[in-house]
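Below you'll find the structure, written out as C-alpha cells, and then a few comments.
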Amino acid sequence: MEKQRLSKIMANRGMCSRREADRYIERGLVFVDGDPVSELGTKIFPDQEIELSEEGLKRQATQVTVLLNKPVGYVSSQPEHGHKEAADLIDKATRWRDDRSHRRFHPAQLKGLVPAGRLDIESTGLLVLTQDGRIARRIIGENSDVDKEYLVRVTGTLSADGLALLNHGLELDGKALKPAKVAWQNEDQLRFILHEGKKRQIRRMCELVGLKVVGLKRIRIGKIMLGNLPAGQWRYLRENESF
C-alpha cells in the first residue's frame, strides 16, 4: 500500500475539497491518528484515521451554499465580453424575500463562493454557488450521480430518429454521451434530464438532430428544485436540504 497526499485522501473521503484540505492542514486543524499535521504535501496511508479539530468542524458549519435563478446575460464564472459573473448577483438586496433560512447575510460569505457547475450566458435557471467543497464534489465530482433537469425550447425539424438519439447514441468531441432522458414537454419544448455537463451540451445535442435551442432553463439539480425562486434572486440551501 502506497502513501498518498493527505489532502487527496480527505477529498476522496468527502471530508472537503483538496483546496480546503490544504487550508485546514496549514492551520493545523487536521489530525492523523490523533496527531496534528500542519505541513502541506504530507503523505499518509489511505487507511489511516483522519479527523478535523473542533475549530475545523466549526469552519465547515459556517460555509454557505446559495441557490440562484440565473438570468440571461450572466456567466457562471469567468467574465467575458463585458458580461458580469453570476456571483455578482449575490447580495443582501437580491435575497429572495421568501427564503426560509435563518442565516443572516454577510459579505464575508462571498469569499470563496464558486459555482458548482456551469450554465452558459444564454441560459437561465438554477445555479448553485458554494463555499463547501463537499457540495461541489457531490454535484460535479468525477463520480457524481446527481442529475440535472432542463426545459428547452427549440425550433427546426427533428430528424426521424432524433428523439431516440437524444436519449442515447450521440457523441460530442469524439466521446459517446451518457444515456439521457429526453421527451417532448409540449409542441416546442423538450425536457432533458442529464447525468453529465459538457460545455453547451444540450445546444450541441440538439444541433446534431436538426434542432436549434431558443430557450434553456435548468429547473432541478438532484433533489433541489428551482421552484418559485424569481430570476436574478437567490436563497440559502437549508440545513434539511441536500442534493
Just give me the residues in the range 170-187 being assigned to a loop (DSSP other than H, G, I, E, B) and either within 22 Å of the chain's Cα centre (by Cα) or modelled with pLDDT under 95 (or both), in sequence order.
D173, G174, L177, K178, P179, A180, E187
Suppose the filter is modelled with pLDDT under 95, within 16 Å of the chain's Cα centre (by Cα) and of a type outside the set (S, T, N, Q); does V114 pass it?
yes
What strands (runs of 3 or more DSSP E), lying completely within the range 1-95, carry at least 1 residues that are surrounded by 14 or more Cβ atoms within 10 Å (Cβ to Cβ), in contact with a strand residue (DSSP E or B) (Cβ under 8 Å, 6 or more places away or on another chain) and not β-branched (V, I, T)?
30-32, 50-52, 65-70
Is the range 222-237 home to any residue that is part of a loop (DSSP other than H, G, I, E, B) and farther than 17 Å from G125 by Cβ?
no
When A108 is run through (1) of a type in the set (A, V, I, L, M); (2) under 20 Å from G227 (Cα atoms); (3) surrounded by fewer than 17 Cβ atoms within 10 Å (Cβ to Cβ), the failure sits at (2)
Being in contact (Cβ under 8 Å) with a residue 12 or more places away in the chain, part of a loop (DSSP other than H, G, I, E, B), under 25 Å from the mean Cα position of the chain (by Cα) and within 28 Å of G141 (Cα to Cα): is that true of K198 here?
yes
Cross-chain or 6+ apart pairs with Cβ under 6 Å, the range 127-141 first and within 22 Å of F105 (Cβ to Cβ), then part of a helix (DSSP H, G or I) and charged (D, E, K, R)
G133/E20
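The values are calculated or read from the model by the stated rules, or taken from the named source; none is laboratory data. Please read all numbers here as calculations on a predicted model, not as lab measurements. With ideal geometry, Cβ positions are generated from the backbone for all residues, glycine too; neighbour counts draw on all protein chains shown.
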